[in-house]
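Engineer: Submitted below is the structure of interest, expressed as structure tokens.
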Amino acid sequence: MSFSSRLLSRSKQLYGSQAILNQQHAFPVRYYAKEAAPAGLKGDEMLKDIFRDIKQKFETAIGVLRKEKITIDPEDPAAVSHYAKVMKTIREKAGLFSESQRIQCTIEEETQDIPDARTYFLKLQEIRTKRGLSDELGVEAMTMDALEKVEKEIKQPLMRNDKKGMALLMAEFDKVNKKLGIRREDLPKYEEELELKIAKAQLEELKKDAVEAMETQRKRYFIVFMLVVM
């Protein structure tokens, strides 16, 4: 596997799915397709179109990587930042999702049919756990406390289509965010921090792969040397 291909493999950005959510209506789409396939398109033709689209995205990504110099040093902030920028360029040119966008799409797909707020938040906890995300600030506990307060006030389970009840919950969330020092206008900054963490983790994996490859090659050279001298 070439270095560029290995980078793409580690980036984990080429495949996934998205959901478009609009109030009561939601439907999943593959994010390699810009729009739904025509109704009359046959199965094999659809597969060919998908393959061509994925191939084009892959070639676009490879083209970007060939022009960039990647330093595999996860402990160097400059190297991590540069790698994150390269991955962002690939996503923009190839029309791919960022990690935060993929998480959002996963949430939309898996919660679109959940009617009540409590089940919705429990599903969010499940998604977070599956993706290996930590709740270091204890946000989930605060979220459930806020929900308990609202449900106690309205004297019934909170449904997601209850506009008045959801407004009360959003007001409680604003209090939680203020307590944690989280501002909605800072969301782009939080997303950038997430992408840097992901970039560092991917560089760590690449470094591990490189070390293992060099060790394997060293052992092969040693075996060849022993065969020659014996």
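The values are calculated or read from the model by the stated rules, or taken from the named source; none is laboratory data. Note that the coordinates shown come from a computational prediction; the quantities given were computed from them, not determined experimentally. Ligands, DNA and RNA are stripped out before the accessible areas are found, and what is left, the full protein with its side chains, is counted by its heavy atoms. Shrake-Rupley method; radii C 1.70, N 1.55, O 1.52, S 1.80 Å.
Engineer: So what are the ³J(HN,Hα) numbers for the range 133-146, from phi and the Karplus equation (6.51, -1.76, 1.60; θ = phi - 60°), rounded to whole Hz, Gly and Pro as x?
Structural biologist: For the range 133-146, the Karplus curve yields 8, 9, 9, 5, 8, x, 5, 4, 5, 5, 4, 5, 5, 5 Hz.
Engineer: Also: Which pairs break 22 Å Cα to Cα here: Lys57/Lys197; Lys67/Lys88; Lys178/Lys200; Lys67/Lys207; Lys88/Lys179? Don't jump to the answer; show the numbers that get you there.
Structural biologist: Working: Lys57/Lys197 24 Å; Lys67/Lys88 14 Å; Lys178/Lys200 29 Å; Lys67/Lys207 20 Å; Lys88/Lys179 32 Å.
Where the Cα-Cα span goes over 22 Å, the pairs concerned are Lys57/Lys197; Lys178/Lys200; Lys88/Lys179.
Engineer: With every protein chain present, what is the per residue accessible area of the range 93-230 (1.4 Å probe, Å²)?
Structural biologist: 70 Å²
Engineer: For Asp116, enumerate residues with amide H under 5 Å from its amide H, sequence gap 5+ or separate chain, H modeled in the peptide plane.
Structural biologist: Arg160
Engineer: How big is the range 100-182 by the Kirkwood estimate over distinct Cα pairs, in Å?
Structural biologist: Roughly 13.5 Å, rounded to one decimal.
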